[in-house]
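Below is one structure; the comments refer to it alone.
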Amino acid sequence: MFIKKILIASAIATTSLFAATAYQNQIGFLTNGQKQMAVIDAAGQDIVFKDESGKEVLTVKAPDTAFWAPAGEGASLVDFSELNVPGTYQAFVGDEVIGHPIVIGDNAFEEIAKASIKFFYFQRCSMELTEEFAGKYARAMGHPDTAVRYHEELNKEAFSTFYGAKGWYDAGDYGKYIVNSGISTYTLLQLYKQNSEYFNKLNLNIPESNNDVPDLLDEIRWNLEWMLTMQDVDGGVFHKLTTKQFSGEVMPAQDVRVRFAIGKSITATWNFVAVMAVAADIYYKYDPEFATKCAKAAEFAYAWGLAYPNEKFVQPKDVGTGTYTDNSATDERIWAAAELYRISRNPGFKAKMQEVPMFHSRTFLQSWSSTYMLTAYTVATNPDYYDAADVDSANYLVKTLADKYIAQLEHNGYGVALDETDFYWGSNGGAANKGMALIHAYILTKDEKYYNAAVGLLDYLLGRNPLDKSYLTGFGVNKVMHPHHRPSTADGIEDPVPGMLAGGPNKTANDTRECKVDYLDEKAPAKSYLDDKCSYASNEVAINWNAPFAYLSGSLQAIASTGKTYDVSGKSAEFELSKIAKSHNALAPVRPGQKLMVRDNSVQVKKTDIKGNIKFFDMNGKTAK
């Protein structure tokens, strides 16, 4: 009825020469939260908000127009936070309807948070998705990965295989990549850890929903178990598991080509260490045996990292799948050491972390290739475990990064903490990661400006942008319909899999030739987006973009629902690990004739001399029994 009234009002309205336009979150607003919309051509005019009966409930005068460079235009940022009664409303300028219906509720973000996490279920590899849990998106099992080959450059026995099942498909393709998988898994683990009271009760309708473990942790474990299969017998971690070339636009079960473990890299290994250490802490409450397995795997991988510090990933010439190459592993190394120290209290790990001080200049937003901030998040939110100087530096890093984003809100008509440099490949993932940084600043300071800035970024992703686009599939009046996502293209269903965050505007997109549409807008990078399956540069989906979106929407909802933020005085589980990294000179790089292995419940070096004699040494070079 309300929508019908809106349409009638629009039809009979006396239209001004320059009609106002409003951009807003198309999903909903929290009852007691910040509520804003960007309105074009309405400066100085009254914005009237009416309820479903047509009653005026609030009037706000639109402020002066402020230019927002990414949109190439100015807007009036209208704040209607005083409207704090659950219900559905509509904004008007005179008799003219502007924007979309405004939904206000206590659980406004819950469905999008659930959907963005449920996306990971839809990305499960090695599993049939049944109608009971997947609905119309049910599909046959694809890629069992029970007999994965080793790429020739790994120098394994010809045609030998290993078990590499489970895990999540990385993006719109069917590959599985450790470094991208790692940061995605870490982000979801942090979402749970910091909001466990809320997520302990949240049902995602996945196959494990009836057990005694929170659904979010069940979903994460599906990927952790795959990551564990990617650890080689010497402790190092394979970089990725893919076919040699990308598949066509087919369903998972139709992609039957041989899949390979490709490369073994220092960045994948350090990444694995950090994620397994975090997992060990969180899962100990529910499954001590699994948690210990994760901790031991992290320890073994850490030893490999010390032994092979320069093993960067190099893409084999016959492989064309994603590379995820990274020229520096320093950030991953200190992150790994920080996480291992927290769960072991072994001072050797702390010493390794402190080899690279947390310089105040290292305020880089987290991404798969830059994990400096992940160390800062860990140290800042676990102050009882680290030296006071390191905690102070970590707090400084988090707050400095967040304040940088707060500054971007000045004279910003859209009220979004983004500038012209933020529209790169996966810009929406970057926006969500900014939200994660702001929420950490809010946890540490309790200053509402950080929380509200995070809400603004969620609003941007859900429609408060110059394209009036909700970038989350399945949600919004004007939502993404044609993502670059093979199952959504090949399944014959009009609507794409729900809960997927599109990559977003990309001012450097390189797919305009394939799309035969030049959608780049040099004057308005926030408009450089194309909702078409051809646009891998602006409309692909990926786990490392969905994870921070889930963190952002899930954390905001959890804080609103519980009235609590994460208590940084919480305690971590503790594991008895070997004396790895006891000193800064713990282990020289492994040489020919030496091999890392687990022996007598510790990581040791096996050395074979020219006569075939075998000796074992601990990680500090002392003879082992």
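The values are calculated or read from the model by the stated rules, or taken from the named source; none is laboratory data. Only a predicted model underlies this, so the values are computations on that prediction, with no experimental measurement involved. Heads up, the Cβs are rebuilt from the backbone with ideal geometry, glycines too, and the neighbour counts pull from every protein chain shown. Surface areas here come from the heavy atoms of the whole protein model, side chains and all, with no ligands, DNA or RNA. Shrake-Rupley method; radii C 1.70, N 1.55, O 1.52, S 1.80 Å.
The single condition among (1) under 18 Å from residue 23 (Cβ atoms); (2) touching a Phe, Trp or Tyr at 6+ places or on another chain (Cβ under 7 Å); (3) surrounded by fewer than 17 Cβ atoms within 10 Å (Cβ to Cβ) that residue 52 does not satisfy is (1). Within region 324-344, the presence of at least one residue that is under 30 Å from residue 158 (Cα atoms), open to solvent by 10 Å² or more (accessible area, probe 1.4 Å), in contact with a Phe, Trp or Tyr (Cβ under 8 Å, 6 or more places away or on another chain) and touching a residue at least 60 places away in the same chain (Cβ under 8 Å) is confirmed.
Scanning region 155-193 for residues that are part of a loop (DSSP other than H, G, I, E, B) and among the polar types (S, T, N, Q) yields 155, 160. Sub-9 Å Cβ pairs linking a first residue in region 530-557 that is free of Cβ contacts under 8 Å to residues at least 24 places away in the same chain and more than 21 Å from residue 176 (Cα to Cα) to a second residue that is open to solvent by 10 Å² or more (accessible area, probe 1.4 Å) and in a helix (DSSP H, G or I), at least 6 apart or interchain, are 530/512; 530/515, ordered by first then second residue. Among the residues of region 459-502, just one is basic (Lys, Arg) and either over 19 Å from residue 24 (Cα atoms) or at pLDDT below 95 (or both), namely 486. Scanning region 487-502 for residues that are surrounded by fewer than 22 Cβ atoms within 10 Å (Cβ to Cβ), among the small types (Gly, Ala, Ser) and assigned to a helix (DSSP H, G or I) yields one hit, 490.
For (1) open to solvent by 10 Å² or more (accessible area, probe 1.4 Å); (2) not small (Gly, Ala, Ser), each residue gets a yes or a no:
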| site | (1), (2) |
| --- | --- |
| 162 | yes, yes |
| 177 | no, yes |
| 200 | yes, yes |
| 209 | yes, no |
| 235 | no, no |
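For region 101-133, the set of residues classified as open to solvent by less than 30 Å² (accessible area, probe 1.4 Å) and either among the hydroxyl-bearing types (Ser, Thr, Tyr) or not in a helix (DSSP H, G or I) (or both) consists of 102, 104, 105, 108, 109, 116, 121, 123, 124, 125, 126, 129, listed by residue number. Out of everything in region 428-447 that is more than 21 Å from residue 110 (Cβ to Cβ) and not aliphatic (A, V, I, L, M), what residue ends up being surrounded by the fewest Cβ atoms within 10 Å (Cβ to Cβ)? Top of the filtered list is 446. Would you confirm whether or not region 259-267 contains a residue that is at pLDDT 95 or above, among the charged types (D, E, K, R) and touching a Gly at 6+ places or on another chain (Cβ under 6 Å)? Taking every residue of region 259-267 in turn, at least one turns out to be at pLDDT 95 or above, among the charged types (D, E, K, R) and touching a Gly at 6+ places or on another chain (Cβ under 6 Å). Checked against the criteria, residue 44 counts as at pLDDT 95 or above, over 29 Å from residue 106 (Cβ atoms) and either within 32 Å of the chain's Cα centre (by Cα) or open to solvent by 20 Å² or more (accessible area, probe 1.4 Å) (or both). With the condition kept exactly as written, say whether any residue in region 283-292 is under 24 Å from the mean Cα position of the chain (by Cα), of a type in the set (A, V, I, L, M) and surrounded by 18 or more Cβ atoms within 10 Å (Cβ to Cβ). Yes; the residues of region 283-292 include at least one that is under 24 Å from the mean Cα position of the chain (by Cα), of a type in the set (A, V, I, L, M) and surrounded by 18 or more Cβ atoms within 10 Å (Cβ to Cβ). Residue check: is residue 253 assigned to a helix (DSSP H, G or I) and within 25 Å of residue 155 (Cα to Cα)? For residue 253, the condition - assigned to a helix (DSSP H, G or I) and within 25 Å of residue 155 (Cα to Cα) - is not met. Restricting 92, 67 to residues that are on the phi < 0 side of the Ramachandran plot, among the aromatic types (Phe, Trp, Tyr), part of a strand (DSSP E or B) and open to solvent by 20 Å² or more (accessible area, probe 1.4 Å) narrows the list to 67. Can you tell me which residue is nearest to residue 116 (Cα to Cα) among those in region 452-486 that are open to solvent by 10 Å² or more (accessible area, probe 1.4 Å) and part of a helix (DSSP H, G or I)? Ranking the candidates gives 486 first. Note on region 430-456: residues that are at negative phi, touching a residue at least 40 places away in the same chain (Cβ under 8 Å) and charged (D, E, K, R) total 2. Of the strands (runs of 3 or more DSSP E) lying entirely inside region 503-618, those containing at least 1 residues that are among the polar types (S, T, N, Q) and either crowded, with 18+ Cβ neighbours inside 10 Å or at pLDDT below 95 (or both) are 594-599, 602-608. Screening region 346-451 for helices (runs of 4 or more DSSP H) wholly inside it with 2 or more residues that are modelled with pLDDT under 95 and under 30 Å from residue 72 (Cβ atoms) returns no ranges. Of all the criteria given as (1) more than 30 Å from residue 248 (Cα to Cα); (2) without any contact (Cβ under 8 Å) to a residue 24 or more places away in the chain; (3) among the charged types (D, E, K, R), the one not satisfied by residue 494 is (1). If you filter region 493-511 down to residues that are acidic (Asp, Glu) and farther than 16 Å from residue 534 by Cβ, you find that the one that is farthest from the chain's Cα centre (by Cα) is 494. Within region 411-418, not a single residue is of a type in the set (Ser, Thr, Tyr), touching a helix residue (DSSP H, G or I) at 6+ places or on another chain (Cβ under 7 Å) and within 25 Å of residue 338 (Cα to Cα).
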